[in-house]
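The values are calculated or read from the model by the stated rules, or taken from the named source; none is laboratory data. Everything quoted here is computed from the prediction, not taken from an experiment. For neighbour counting, all protein chains shown are included, and Cβ atoms are generated from backbone atoms with ideal geometry for every residue, glycine included.
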Amino acid sequence: MTIYVGNLNFQAREEQLTELFSQFGEVQSVKLIKDNFTGKSKGFAFVEMADENSANEAIESLNESEFLERTIVVNKAKPKEKSDRPRGGGGGNRYNNDRNNDRNNDRKGFNKNYNY
């Protein structure tokens, strides 16, 4: 069973979460969610436990408990919802193509009819 752990101290490490949850049973994995650009913790994690009974016991015991000076939220993880919204796209080099260069030069007062 996968467990969501929220409101984590930003200094929390995966090893600390493994130690916390292993009191209740075998921890298969811990995934601390981090920002892709900065590498800093986003303040939540997912803990995968081997046994559902152990996972439920951990949820009941640890939800709204203190961990590293923060009151953590612990509950059964919900499956990620699929969005109708397209992801990604865009990008491209908006400043390096002829159409945009012409448009930008016109805006800067560049006069094509004047011989410099």
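Which of the following residues is assigned to a helix (DSSP H, G or I) and in contact with a strand residue (DSSP E or B) (Cβ under 9 Å, 6 or more places away or on another chain): Leu20, Leu8?
It is Leu20.
Regarding Glu26, is this residue closer than 13 Å to Met1 by Cα and of a type outside the set (A, V, I, L, M)?
Judged against the criteria, Glu26 is a match.
Only residues in the range 57-73 that are touching a residue at least 12 places away in the same chain (Cβ under 8 Å) count as the first member; pair them with residues that are surrounded by fewer than 12 Cβ atoms within 10 Å (Cβ to Cβ), Cβ under 9 angstrom, at least 6 apart or cross-chain, and list the lot.
Leu68/Gln11; Thr71/Glu64; Ile72/Glu64; Ile72/Glu66; Val73/Glu64
Looking at the range 30-41, is at least one residue within 21 Å of Glu15 (Cβ to Cβ), touching a residue at least 12 places away in the same chain (Cβ under 8 Å), surrounded by 12 or more Cβ atoms within 10 Å (Cβ to Cβ) and not aliphatic (A, V, I, L, M)?
Checked the range 30-41: at least one residue is within 21 Å of Glu15 (Cβ to Cβ), touching a residue at least 12 places away in the same chain (Cβ under 8 Å), surrounded by 12 or more Cβ atoms within 10 Å (Cβ to Cβ) and not aliphatic (A, V, I, L, M).
In the range 60-111, which residues are out of contact with any strand residue (DSSP E or B) (no Cβ under 8 Å at 6 or more places or on another chain), in a loop (DSSP other than H, G, I, E, B) and at pLDDT 75 or above?
Leu68, Glu69, Pro79, Lys80, Glu81, Lys82, listed by residue number.
Looking at the structure I just gave you, is Leu68 surrounded by 11 or more Cβ atoms within 10 Å (Cβ to Cβ) and within 14 Å of the chain's Cα centre (by Cα)?
No: the conditions fail for Leu68.
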